[in-house]
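Read the structure below first, then the notes.
The values are calculated or read from the model by the stated rules, or taken from the named source; none is laboratory data. Worth saying up front: this structure is predicted, and the values here are computed from it rather than measured. All Cβ positions, even for glycine, are placed from backbone atoms using ideal geometry, and neighbour counts span all protein chains on display.
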Amino acid sequence: MINLQCKLLIVTFDEIDILQEIKTRVEDYLGCVVEIKTSSYPKARMRFIQLNAADFLPLLISLRTDYDFVLGIVTADLYLPYLNFVLGLAHPQESVCIISLSRLRSSDEEQYIDRAVKEAIHELGHLLGLEHCNDRCVMRFSNMVAETDYKEDKYCNKCLNLLEK
């Protein structure tokens, strides 16, 4: 466990069946207080095939006032103009990030939770100043779900040392 002693807001945009598990595991690993809020983002937009991940950032930034970090979670598939899809996106300067559960789903609920937690901790790592890592740690870049499955669910010693600086 890392003892960040921070306040994290998780913002959901639709119903997320594994939300409590994500909250608990992120809270336990990072050692921060986690609150959950459901956004009033138009539910009709969530029905689109893909949504631009960057479109969520202004709303997340506006909600950060009382928190150190904000993590958005959507079930919709996300993309960026230069990428067909993204599992997540971080804006370290504003201390906000978002992840998509769309491609992380699995018939094995524990695997689904593991994937979601890994992506959440990965994007939060970017907010903490970490870059992508070549080790099997959670900061390893994932371009597909198999790569998310391959990596660990925590920061490696090298990344932990960078956090301590």
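Among the conditions (1) crowded, with 21+ Cβ neighbours inside 10 Å; (2) of a type in the set (Gly, Ala, Ser); (3) under 17 Å from LEU101 (Cα atoms), the only one that ALA146 does not satisfy is (1).
Taking every residue in the range 151-165 that is assigned to a helix (DSSP H, G or I) and at pLDDT 95 or above and pairing it with any residue that is surrounded by 14 or more Cβ atoms within 10 Å (Cβ to Cβ) and of a type in the set (Ser, Thr, Tyr), at least 6 positions away or on another chain, yields no pair with a Cβ-Cβ distance below 7 Å.
Against the conditions (1) surrounded by 19 or more Cβ atoms within 10 Å (Cβ to Cβ); (2) modelled with pLDDT of 95 or more; (3) under 14 Å from the mean Cα position of the chain (by Cα), HIS126 satisfies every one except (1). Listed here are the strands (runs of 3 or more DSSP E) enclosed by the range 43-118 that have at least 1 residues being touching a residue at least 24 places away in the same chain (Cβ under 8 Å), of a type outside the set (A, V, I, L, M, F, W, C) and farther than 16 Å from ASP14 by Cβ: 50-52, 77-80, 88-91.
State all residues of the range 96-120 that are crowded, with 18+ Cβ neighbours inside 10 Å and under 15 Å from VAL86 (Cα atoms); if no residue qualifies, say none. Once the filter is applied, which keeps residues that are crowded, with 18+ Cβ neighbours inside 10 Å and under 15 Å from VAL86 (Cα atoms), the range 96-120 yields CYS97, ILE98, ILE99, SER100, LEU101, LEU104, ARG115, ALA116, LYS118, GLU119, ALA120.
In the range 43-56, the count of residues that are at pLDDT 95 or above and either touching a helix residue (DSSP H, G or I) at 6+ places or on another chain (Cβ under 8 Å) or over 21 Å from HIS126 (Cα atoms) (or both) is zero. Tell me which residues, restricted to the range 11-27, are surrounded by 13 or more Cβ atoms within 10 Å (Cβ to Cβ) and not in a strand (DSSP E or B). Selection gives PHE13, ASP14, ILE16, ILE18, LEU19, GLU21, ILE22, LYS23, THR24, ARG25, VAL26, GLU27.
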